[in-house]
Amino acid sequence: MSTTAATAKLSAQRTRVPRRPRLVSAELLKLRKRRGLVLSGLALSVLPMIVAYTVLLIVHAANPVKHGPAGGLQNLSDSMDVLTTLSGIAAILIGATLGAGDLSSGLFRELVVTGRSRLALFAARIPAGLALAWTLAGTGFAITATASMVFAGSLEAPSATLLVESAAWLALMTALSLVLALGISSAVGSRGTTIGVVLGWQIVAAPILLHIKTLGSLREGLLGAATERLQPAALLHDARMVPMSIAASVLVILLWTVVPLALGAWRTSTRDA
Amino acid sequence: MENTQYVVETSGLTKRFGERVAVANVDLRVPRGSAFGYLGPNGAGKTTLIRMLLGLTHASAGTMQLLGRPVPRERAAALARVGAIVEEPRFLGHLTGRENLTVIAAAREREAHARIDGALARVGLSERADERVKRYSLGMRQRLGVARSLLADPELLILDEPTNGLDPAGIHEFRDMIRGFVAEGRTVLLSSHLLDEVEKICDEVAIVDQGKVVAQGPIAELAATGKQTILIATSDDEQALAILSEHRAVESVTTESAGMRVTLDPESDAAGDDISRRLVLAGLAIRRFEPARRSLEQRFLEITSRLEDAA
């Protein structure tokens, strides 16, 4: 068979398929099939909300005088603290897996061999990670919001506006944790190292630095200070630790988003596969 | 552009890792529609060259063209019609075979999705396609690797040590598969350290050693060049040995059960005729006088040992 004839035959075998974001779908497929990751995400984002409201309901039912209703604004505020932290951890796990998973499995090499742009391969990870992280956080939030409304009893129930603001706040915090972990993990190439570094920073180091008042306005550069500025007032327990303008907080958040992603994208583009 | 005579062309291609030169000034031409062997001992720089061709690592110097397109400048367009297995094919163990192909198809042109079932059938994995890859044997993974490279509908298949870890039946099957690809008009660039394997599968070969291509061409031509060997048996081998050892064209004589294996200086034309004449004039009856069938292995060993001597 001549080359020309063979090429014509091979071309004829090709059929059209519908247009859709295939790389993102593929990234999401890789993520959602990791049972351990999905179960960890559920255990962090959903299970604590179910357990917390179940306990609140039980203690209220056992002693209504001593323990108030399970719902209401105050319980929403408390549970949002927990949900934000734990969904952030879940997002870090997802981001670290997205950034280093292909490298550690050797699949990155196979993807590069397709000729697809390395930047496109990197970029597809972001929406896929957000889709999973937001699904998990959203499920946890749905439980929290529903319980705070349904079980408010005699307490003040959260307004629809506050619920929307809280959802947006949670989405922002989850997304920031995800992109931070994704960027670092893509740059470092190690899931374990990324989880350790980002969790250590987010859970331990950054909160300690935020509380050191002698650092003054330097603290405005911390992600925690910037996000606190955008936190719905009704969810705050105390006064804001670092006074700063909304514009400054948006700028700091943008920097904490762009820099890790740029670092991850650069390393993905330049590393030997 | 797509019908160039050579599917791979490199010029002065070089890769350095610090002081060490892994690929040294390689000029390689792989003809379209052939099975081309890239043959060399372990550590000769075969995989490094393939990794440069595929854009997995940068070249230190030189130029490359894949399917007539310069790489890395037009790498995406060139690799769209290239399928490759580099070293051991890697997969996500928690996904099924079909899902692994789906992931790679997503990175290729849209039509790649439609080729998944056909590719799985081609390598005989349709029945096991929905099992997780972590349960696959090494042979099944190799076949899945081939199926994955077929998603590109490749004009060029680059296979790096593809028979590593396969049992004899698997190797035989693999050999047939590769010849089938060539029969379809595809080109196969096969990198291997297994001489016998390359000789059985390939039409042309480049022999590489210490990062350099030391010989290149059709296998039959390559094997025929170099030192000439003649198998001789006479009525009195001791006397024949004395005659042979005095002949200036004879480089070495090895005594075997069926006679003698005589290696001649490749520069000496008609040395065989002269030897036979001298043996007859000495009154010996010649029972056997035939050129030994030269294999690629002999040529390969000659070339690589010559290099070792020079070093």
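Residue under question is residue A:46, and the condition is that it be in contact (Cβ under 8 Å) with a residue 60 or more places away in the chain, within 14 Å of another protein chain (Cβ to nearest Cβ) and not small (Gly, Ala, Ser); does it hold?
no
Looking for whichever is closer than 20 Å to residue B:33 by Cα and assigned to a helix (DSSP H, G or I) here; the options are B:148, B:175, B:143. Which one fits?
Within the list B:148, B:175, B:143, the selection yields B:175.
With the structure loaded, tell me whether residue A:114 is buried (at least 24 other Cβ atoms within 10 Å of the Cβ), of a type in the set (Val, Ile, Thr) and touching a Lys or Arg at 6+ places or on another chain (Cβ under 6 Å) or whether it fails that test.
Yes: the conditions hold for residue A:114.
Would you confirm, using the coordinates I've provided, whether residue A:15 is assigned to a loop (DSSP other than H, G, I, E, B), farther than 21 Å from residue A:139 by Cα and either modelled with pLDDT of 95 or more or facing chain B (nearest Cβ under 7 Å) (or both)?
Here the answer is yes, as residue A:15 does meet what is asked.
Take residue B:93 and tell me if it is in a strand (DSSP E or B) and modelled with pLDDT of 90 or more.
no
Sort out for me the strands (runs of 3 or more DSSP E) sitting completely within segment B:1-78 that have 2 or more residues that are of a type in the set (D, E, K, R) and either farther than 17 Å from residue B:152 by Cβ or in contact with a Phe, Trp or Tyr (Cβ under 8 Å, 6 or more places away or on another chain) (or both).
B:6-17, B:20-31
Please work out if residue B:12 is crowded, with 24+ Cβ neighbours inside 10 Å, assigned by TED's automatic domain parsing to the domain that holds residue B:208 and not charged (D, E, K, R).
no
Name the helices (runs of 4 or more DSSP H) wholly inside segment A:22-95 in which the number of residues that are of a type in the set (Lys, Arg) is 1 or more.
Passing ranges, in order: A:22-32, A:35-45.
Check whether at least one residue in segment A:189-198 is assigned to a helix (DSSP H, G or I), modelled with pLDDT of 95 or more, more than 14 Å from every other protein chain (Cβ to nearest Cβ) and in contact with a Lys or Arg (Cβ under 8 Å, 6 or more places away or on another chain), and report yes or no.
No; the residues of segment A:189-198 include none that is assigned to a helix (DSSP H, G or I), modelled with pLDDT of 95 or more, more than 14 Å from every other protein chain (Cβ to nearest Cβ) and in contact with a Lys or Arg (Cβ under 8 Å, 6 or more places away or on another chain).
Give just the number: which of (1) surrounded by fewer than 16 Cβ atoms within 10 Å (Cβ to Cβ); (2) touching a helix residue (DSSP H, G or I) at 6+ places or on another chain (Cβ under 8 Å); (3) not hydroxyl-bearing (Ser, Thr, Tyr) does residue B:174 not satisfy?
Unmet for residue B:174, out of (1) surrounded by fewer than 16 Cβ atoms within 10 Å (Cβ to Cβ); (2) touching a helix residue (DSSP H, G or I) at 6+ places or on another chain (Cβ under 8 Å); (3) not hydroxyl-bearing (Ser, Thr, Tyr): (1).
For segment A:118-154, name all the residues that are surrounded by fewer than 16 Cβ atoms within 10 Å (Cβ to Cβ) and part of a loop (DSSP other than H, G, I, E, B).
A:153, A:154, listed by residue number.
Checking the condition in the same structural domain as residue B:191 (by TED's automatic domain parsing), of a type in the set (A, V, I, L, M) and either at pLDDT 85 or above or part of a strand (DSSP E or B) (or both), which residue from B:213, B:253, B:262 passes?
Answer to the check: B:213.
Quick one: how many residues across segment A:123-139 are under 12 Å from residue A:174 (Cα atoms) and of a type outside the set (Val, Ile, Thr)?
Total meeting the criteria: 9.
Residue pairs, Cβ under 6 Å, 6 or more apart or interchain, first in segment B:89-104 and in contact (Cβ under 8 Å) with a residue 24 or more places away in the chain and closer than 21 Å to residue B:165 by Cα, second surrounded by fewer than 20 Cβ atoms within 10 Å (Cβ to Cβ) and among the hydroxyl-bearing types (Ser, Thr, Tyr). List them.
Qualifying pairs under 6 Å: B:92/A:105.
Would you check if there is a residue in segment B:33-45 being among the hydrophobic types (A, V, I, L, M, F, W, C) and either within 13 Å of chain A (Cβ to nearest Cβ) or more than 29 Å from residue B:140 (Cα to Cα) (or both)?
No, segment B:33-45 has no match at all.
The values are calculated or read from the model by the stated rules, or taken from the named source; none is laboratory data. In this text, all values refer to a predicted model and were calculated from it rather than measured experimentally. Positions of Cβ are generated from backbone atoms using ideal geometry, with glycine treated the same way; all protein chains shown enter the neighbour counts.
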